[in-house]
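*Asks:* Let me begin by handing over the structure; questions about it come next.
Coordinate-derived values only; no laboratory data. What you see is a predicted model; the values in this text were computed from it and never measured. So basically every Cβ, Gly included, is an ideal-geometry build from the backbone, and we count neighbours across all protein chains shown.
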Amino acid sequence: MTNRITVNADRVKGTINRNIYGHFSEHLGRCIYEGLWVGEDSPIPNTNGIRNDVIAALKKMKIPVLRWPGGCFADEYHWKDGIGPRELRKRMINTHWGGVVENNHFGTHEFMMLCELLECEPYINGNVGSGTVQEMSEWVEYMTFEGVSPMAELREANGRTEPWKVKYFGVGNENWGCGGNMRPEYYADLYRQFQTYVRNYGDNRIHKIACGPNGDDYHWMETLMKQAHRFMDSTTLHYYTITGDSWQEKGAATGFPEEQWSRTLKQALYMEELLVKHSAIMDQYDPEKRIGLLVDEWGTWYDVEPGTNPGFLYQQNTIRDALVAAITLNMFNQHCDRVQMANLAQLVNVLQAVILTEGEKMLLTPTYHVFDMYKVHQDAQLLDLHLISQDVKNDKQVIPQISSSASKDDEGRIHISLCNLDHQSNAVVEIELRGLVEGKVKVAGTILSADKVDGHNTFEHPDQVAPAAFTAFTLEGRNLRVDLVPMSVTVLELTSE
Ligand code: AHR
């Protein structure tokens, strides 16, 4: 079976916003506490309380933007609980996630410091569900006002004179569900009200983000756009890949039956339909595509690892997750005209994490390696690519064998990402390279694969699934022929001599 791709290297279709490679960190399980924050007195090497190993890994992956503090937690979070001397901060119960004590040691100052250490943009999610307009307004003032004001003075009293720059601000999270169980008509009005008081101070310019729909709730998108499109810079979409039959039985992260391979990828590929249909609704109200669609929660969601707190959402991460990440990022790249940001759920130790930790130990998941390999697409120009893929039939599921996207960076290097979704067979892809000078092209590549459908890394064996050099290609003139092993993610780099 041969698959065919044509890459038109001289036809640019748009710019891939680096924020498509963004992440999400919530006060949930061991994401913030232990995964990122260990405190200054921890024996785990840290910088001002944030673990050094995690910082180094995330910087290498070029994390562009980080969303915080939730998630469902955002609409229960009262930011003033998380400022001032840590020992005096309010201790409370994280009612949504595991019923554990939240000591508020990680608050606004710590999050902004984390973003500074990571050199990424902060994306703050405000509280609409249980908060007030005043509380949200004062948070923005606290973070961004320079000069004499009650909140700027409070910030200064807490050790920070200079205001921070905050670009991305979300007005509520999942307000159709955990964020207040609202109807779209009601939320759209609340959004209009709350966002009025999310002010631009000095030269800080806030990109206002309205809470968008869950999955295929097109009514929510339609209503929100109709009532509030003039007041937003972006809206959101949440979609999780679950494998089992329901949210009660989502399926296991490892040791799953082989037929769940195709089923999971099929569920992940549903993102394409969601992007097309939501974009079509947005186009009616915003044909110039000023408003971004931010997929600020996505990824796999399985049953928790046996023996762990069900409220902590801790799951292993396998080559299957790597494929979900890679095909989803290809879809986001292809829709970069509308998708301006995406945030994988979640950064460390929760759901489809890029990093897992256990005490002082840390491992990089297969999903991490995909983000690391794909970072070459950040801010690059999306190239026109035509794919004719063979089908893979399995467990009554039909999925394409190949997923792909291509981009050109500012140094003229072309990167083609190629996934073989087939877990049993090699995939041959014949790629015609148009718009390049024959005989002048050099090819190199990196591949990520595993020898079983749930191949993954453990703290004992952290490098079982790791990228390797890819050499299974031949180039004759403009025709590049590649041979991809089953269940693999490959990124090719084409440079001109
Ligand atoms: O990512 C876990 C949860 O999933 C988030 O808190 C919520 O927004 C979503 O339902």
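*Asks:* Using DSSP H assignments, which helices in the chain have an axial alpha-carbon span of 24 Å or above and a mean Kyte-Doolittle hydropathy of -1.0 or higher?
*Replies:* Working: long enough: 260-285 (39 Å, -0.42).
Result, helices passing both filters: 260-285.
*Asks:* Among 472-483, 285-296, how do they line up from the highest to the lowest mean number of other beta-carbon atoms within 10 Å? Don't jump to the answer; show the numbers that get you there.
*Replies:* Details: 472-483: 15.1, 285-296: 19.2.
Ranked from most to least packed, the peptides come out as 285-296, 472-483.
*Asks:* Using a 7 Å offset from Cα along Cα-Cβ at E185, what residues in the stretch 218-244 end up with backbone N under 18 Å from the label point?
*Replies:* Of the residues in the stretch 218-244, 218-229 have backbone N under 18 Å from the label point off E185.
*Asks:* Using only helices, what value at 222 nm comes out for the chain when you add -39,500 (n - 2.57) per DSSP H run of length 4 or more and divide by the total residues, to the nearest 500 deg cm²/dmol?
*Replies:* Numbers: 9 runs with 115 residues, N = 497.
Helices in the chain give a 222 nm mean residue ellipticity of -7500 deg cm²/dmol.
*Asks:* Using the structure shown, select from K266/K393; K62/K167; K408/K440; K226/K277; K165/K208; K250/K375 the pairs with a Cα to Cα distance greater than 20 angstrom. Working shown, then result.
*Replies:* Numbers: K266/K393 11 Å; K62/K167 18 Å; K408/K440 16 Å; K226/K277 16 Å; K165/K208 14 Å; K250/K375 30 Å.
Too far apart for the 20 Å limit: K250/K375.
*Asks:* Starting from the Cα-Cα distance between V276 and K226, subtract it from 0.36 nm times their residue separation and give me the gain in nm to one decimal. Mind dumping the intermediate values first?
*Replies:* Details: separation 50, 0.36 × 50 = 18.00 nm, distance 1.81 nm.
Answer, rounded to one decimal: 16.2 nm.
*Asks:* So which GluC sites (Glu not before Pro) in the stretch 374-450 pass both tests, a DSSP loop state and at most 11 other Cβ atoms within 10 Å of the Cβ? Numbers along the way, then the final one.
*Replies:* Working: sites: E411, E430, E432, E438; in loops: E411, E438.
Answer in residue order: E411, E438.
*Asks:* Please say if the stretch 78-120 is rounded, prolate or oblate, where rounded means a/c under 1.5 for a ≥ b ≥ c the square roots of the C-alpha gyration tensor eigenvalues, and otherwise the choice is prolate for a/b larger than b/c and oblate otherwise?
*Replies:* Working: a/c = 2.83, a/b = 1.57, b/c = 1.80.
Verdict is oblate for the stretch 78-120.
*Asks:* How far apart, in nm, are two points set 7 Å out from the Cα along the Cα-to-Cβ line at A468 and at T196?
*Replies:* The two pseudo-label positions are separated by 6.2 nm.
*Asks:* For the pair K440/N309, report the inter-label distance in nm, with labels modelled 7 Å from Cα in the Cβ direction.
*Replies:* 5.9 nm
*Asks:* Okay, moving on. Could I have the simple spin-label model distance between D337 and N214, label points 7 Å from Cα toward Cβ, reported in nm to one decimal?
*Replies:* About 3.1 nm separates the two model spin labels.
*Asks:* Just flag the trypsin sites (Lys or Arg not before Pro) in the stretch 396-452 sitting in loop per DSSP whose Cβ has no more than 11 other Cβ atoms within 10 Å.
*Replies:* On the way: sites: K396, K408, R413, R434, K440, K442, K452; in loops: K396, R413, K440, K452.
For trypsin sites (Lys or Arg not before Pro) across the stretch 396-452 that sit outside H, G, I, E and B with at most 11 neighbouring Cβ atoms in 10 Å, the list reads K396, K440.
*Asks:* Under the classification rounded if a/c is under 1.5, otherwise prolate if a/b is larger than b/c and oblate if not, where does the stretch 185-271 fall, given a ≥ b ≥ c as square roots of the Cα gyration tensor eigenvalues? Walk me through the numbers on the way to the answer.
*Replies:* Working: a/c = 3.53, a/b = 2.45, b/c = 1.44.
In terms of gyration-tensor shape, prolate.
*Asks:* Here is a further query. If you take the square roots of the eigenvalues of the alpha-carbon gyration tensor of the stretch 17-63 and sort them as a ≥ b ≥ c, do you get rounded (a/c under 1.5), prolate (a/b over b/c) or oblate?
*Replies:* Values: a/c = 3.30, a/b = 1.58, b/c = 2.09.
Since a/c reaches 1.5 but b/c is at least a/b, the shape of the stretch 17-63 is classed as oblate.
*Asks:* To continue, here is another question. With r as the distance between the Cβ atoms of T254 and N479 and R0 = 35 Å, compute the FRET efficiency 1/(1 + (r/R0)^6) and round to 0.05.
*Replies:* Numbers: r = 40 Å, r/R0 = 1.13.
According to the calculation, E is roughly 0.35.
*Asks:* While we're looking at this one, here's another question. How many angstrom lie between the C-alpha centres of the stretch 322-370 and the stretch 83-127?
*Replies:* Using only Cα atoms to place each centre, the spacing works out to 22 Å.
*Asks:* Quick one: give the max-minus-min coordinate of the C-alpha atoms of the stretch 17-379 along each principal axis, largest first, in Å.
*Replies:* Taking max minus min along each principal axis of the Cα atoms, the stretch 17-379 gives 62, 54, 38 Å.
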